[in-house]
Amino acid sequence: MDSLLSSSMAKRPCSSPKPTSSDSSSDHFNMDAILTSFLALPDSPSISASFDRLIECTSSDSDQNQLIQRALHLGSLLLEAGNRSARKCSSSHNAVIWPLSPDLTIKVFSMLDTQSVCYAAATCSFFQKCAMDPLCFANIDLATIVPKVNNAVVSTMIHRAGGALRSIKLGVLPPIPAPPFFSSQPLVYSIRNSNDASGFSWNDKRSRQGKESSILTRSCLSSLSVNGGAPGAHLRRLHLFNIERMDNTALWASLSACPSLLDLEIVGLHVELRHTLESISKNCPLLERLVFESSKTGRDDGLKFPTCNEFVVNCPNITTLALKGFKLHDYKARMLVKGLQKLKHIDLSTSYSFTGSFLKNLSANGGGDNLEVMILRDCMHLKEIEVERFMAAVLAGEFRHLKHLDISNREGLACEGDWYNRCYSASFIPIKEVLEQRPDFCLVAEFPVGSSYIEVEEMTTGSDVSLPSPSASQSDTSGSDGSVFMSTLDHGSGSGNEDSVETSFVSYEEENSD
């Protein structure tokens, strides 16, 4: 044992001739032999005792210290080599026992979210090789509540995807993200106090999002334009959330690299409606779905007639349109709804200015023929009389494909002739007649109710709909056919602002036969 350790510590001569290939082979053989002999030693205290004797036989302190440091260094090298070999063997073992071929593994990885792919790639070299395939990053999802990415990460993911890139989801999501607009999930609104939804006030949320989104800058999507625009050429879906540093120019540059875009969602960006629609009209003629929520509700009034006309003409394939929180006058809303012939879903929630007069004679010349869903939720200036006229048109057989209408309003509907006089009841709508003619029709009308039971009772007089008892938090009435589901929920007060007063909501929809 002592001779083995001593031989490994023998000093080399100061100068030696340049080794030949035969000498190198001999050295490798000798080293392999020494290492084989060392690893063949029994695992016993004799190794420690032999090393102690070797230290004792060394006279000077410097030589002892050198011997100790040399032993530690050789031990670390041997440990590192052992760990590396163990990883290599584990990776080879995984590749052998893994039941799927590399092609199928890549297919599975392509169905995972981006973070899961990165986690899988860190487990072994076999998975890492599979995860480097561009298909694994075809659908990049880097949207999180707590931001974890910056421009460099986005650029790396886009570079890995290359021409296989199909969708990007990027930015800071709200703490409790809402269901995707017109997704596969049913169109059901939860009835709850808006201040309880996120756990903190709107001002706190805005401040938090501003700090988080500062990680991403206006150039976070610049990699879409590299290599002649190859990464963005086949991009189909682009969802951007609360990237506060992205402005009109940066968004235009990003959209100009995405000529095949079909689905665009923009929430909380500091970009204007007019500039955004102009950019879409110029660069994204194939677009089918546009969801745009203003970051400054009610203050964006820049949309002009030529922009509306250009958008309608250049993007005829739009089937889903959501413009939320903008100032839209009736003539602009009418041009959009009537001009987009393939439009099926329209959401103008929290929009200002329009009164609903754009709904008058909307079906003339085929306008709105394909509409299936219309959401006019919390539209401040929406008038009761315009909704009544629209429902009369529905009863007259117009809008035959319409199945879902939402006219809910936290402030109530505006009354004719006096905007400050608000209507908090849907009693003007002949619900029973509507359901008799359109049994698949769903009407959502949620209002803050003052004398809720009086108004509801008046509305349901003469029908077969029974009222929920005031003490019940939720009840439903069902009939054999054409029955109506009604629910009332009382919200507890306590948030301290004007929206936190104790209220009740009433919603109407056809009951599921199940």
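The values are calculated or read from the model by the stated rules, or taken from the named source; none is laboratory data. These numbers were taken from a predicted model, which means no experiment stands behind them. Cβ: placed from backbone, ideal geometry, glycine included. Neighbour counts: every protein chain shown. In case anyone asks, the SASA skips ligands and DNA or RNA and just uses the protein heavy atoms, side chains included. Shrake-Rupley method; radii C 1.70, N 1.55, O 1.52, S 1.80 Å.
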| request: Assess whether Arg84 counts as being free of Cβ contacts under 8 Å to residues at least 24 places away in the same chain, of a type in the set (Lys, Arg), in a helix (DSSP H, G or I) and open to solvent by 50 Å² or more (accessible area, probe 1.4 Å). | output: yes
| query | Could you say whether any residue in region 40-49 is open to solvent by 100 Å² or more (accessible area, probe 1.4 Å), of a type outside the set (Val, Ile, Thr), assigned to a helix (DSSP H, G or I) and modelled with pLDDT of 75 or more? | reply | no
| task | Evaluate region 252-271: report whether one residue or more is closer than 24 Å to Asp378 by Cα, over 18 Å from the mean Cα position of the chain (by Cα) and modelled with pLDDT of 90 or more. | result | yes
| Members of region 131-150 found to be modelled with pLDDT of 90 or more and either of a type outside the set (A, V, I, L, M) or open to solvent by 40 Å² or more (accessible area, probe 1.4 Å) (or both), listed by number | Met132, Asp133, Pro134, Leu135, Cys136, Phe137, Asn139, Asp141
| request: Consider Ala414 carefully, then state whether it is under 22 Å from His345 (Cα atoms), at pLDDT 85 or above and not in a loop (DSSP other than H, G, I, E, B). | output: no
| field | Answer from Leu41, Leu78, Leu74 - the residue that is aliphatic (A, V, I, L, M) and in contact (Cβ under 8 Å) with a residue 60 or more places away in the chain | value | Leu74
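When you check Asn195 against the structure, is it under 21 Å from the mean Cα position of the chain (by Cα) and either surrounded by fewer than 18 Cβ atoms within 10 Å (Cβ to Cβ) or modelled with pLDDT of 85 or more (or both), yes or no?
Numbers: under 21 Å from the mean Cα position of the chain (by Cα): no; either surrounded by fewer than 18 Cβ atoms within 10 Å (Cβ to Cβ) or modelled with pLDDT of 85 or more (or both): yes.
Taking the combined requirement at face value, the residue does not satisfy it.
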| said: I'm told Leu303 meets every condition in (1) of a type outside the set (S, T, N, Q); (2) under 23 Å from Val172 (Cα atoms); (3) in a loop (DSSP other than H, G, I, E, B); (4) touching a strand residue (DSSP E or B) at 6+ places or on another chain (Cβ under 8 Å) except one. Can you identify the failing condition by its number? | reply: (2)
| Pairs with Cβ under 9 Å, 6+ apart, first in region 49-60 and touching a residue at least 12 places away in the same chain (Cβ under 8 Å) and of a type in the set (A, V, I, L, M), second open to solvent by 40 Å² or more (accessible area, probe 1.4 Å) and in a loop (DSSP other than H, G, I, E, B) | Leu54/Met1; Leu54/Met9
| Restricting the search to region 297-312, which residues are surrounded by fewer than 20 Cβ atoms within 10 Å (Cβ to Cβ) and under 22 Å from Arg377 (Cβ atoms)? | Thr297, Gly298, Arg299, Asp301
| query | Residues in region 68-79: is at least one closer than 14 Å to Phe127 by Cβ and either open to solvent by 60 Å² or more (accessible area, probe 1.4 Å) or at pLDDT 85 or above (or both)? | reply | no
| query | Only one of (1) of a type in the set (A, V, I, L, M); (2) under 21 Å from Asp347 (Cβ atoms); (3) surrounded by fewer than 19 Cβ atoms within 10 Å (Cβ to Cβ) is not met by Leu287, so which one is it? | reply | (3)
| message | For region 339-362, give me each residue that is touching a Ser or Thr at 6+ places or on another chain (Cβ under 9 Å) and among the basic types (Lys, Arg). | response | Lys342, Lys344
| said: As an exercise: evaluate Glu433 against (1) in contact with a helix residue (DSSP H, G or I) (Cβ under 8 Å, 6 or more places away or on another chain); (2) part of a loop (DSSP other than H, G, I, E, B); (3) open to solvent by 30 Å² or more (accessible area, probe 1.4 Å) and give the number of the one condition it does not meet. | reply: (2)
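Would you call Asp63 in a helix (DSSP H, G or I), within 59 Å of the chain's Cα centre (by Cα) and modelled with pLDDT of 75 or more?
Values: in a helix (DSSP H, G or I): yes; within 59 Å of the chain's Cα centre (by Cα): no; modelled with pLDDT of 75 or more: yes.
Against the criterion (in a helix (DSSP H, G or I), within 59 Å of the chain's Cα centre (by Cα) and modelled with pLDDT of 75 or more), Asp63 does not qualify.
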| said: Looking at region 313-351 only, could you name the residues that are surrounded by 21 or more Cβ atoms within 10 Å (Cβ to Cβ), in a strand (DSSP E or B) and either among the basic types (Lys, Arg) or in contact with a Gly (Cβ under 9 Å, 6 or more places away or on another chain) (or both)? | reply: Ile346
| task | Return a yes/no flag: does region 352-360 have any residue that is open to solvent by 10 Å² or more (accessible area, probe 1.4 Å) and under 22 Å from Thr276 (Cβ atoms). | result | yes
| request: Identify the residue in region 235-249 that is modelled with pLDDT under 95 and not hydrophobic (A, V, I, L, M, F, W, C) and, among all such residues, is most open to solvent (accessible area, probe 1.4 Å). | output: Arg245
| What number of residues in region 250-280 are under 25 Å from Val373 (Cβ atoms) and open to solvent by less than 10 Å² (accessible area, probe 1.4 Å)? | 9
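Among the residues of region 117-136, how many are closer than 17 Å to Leu165 by Cα and of a type in the set (Gly, Ala, Ser)?
Pass one, region 117-136, residues closer than 17 Å to Leu165 by Cα: 117-118, 130-136.
Now drop any that are not of a type in the set (Gly, Ala, Ser), which leaves 131.
Number satisfying all stated conditions: 1.
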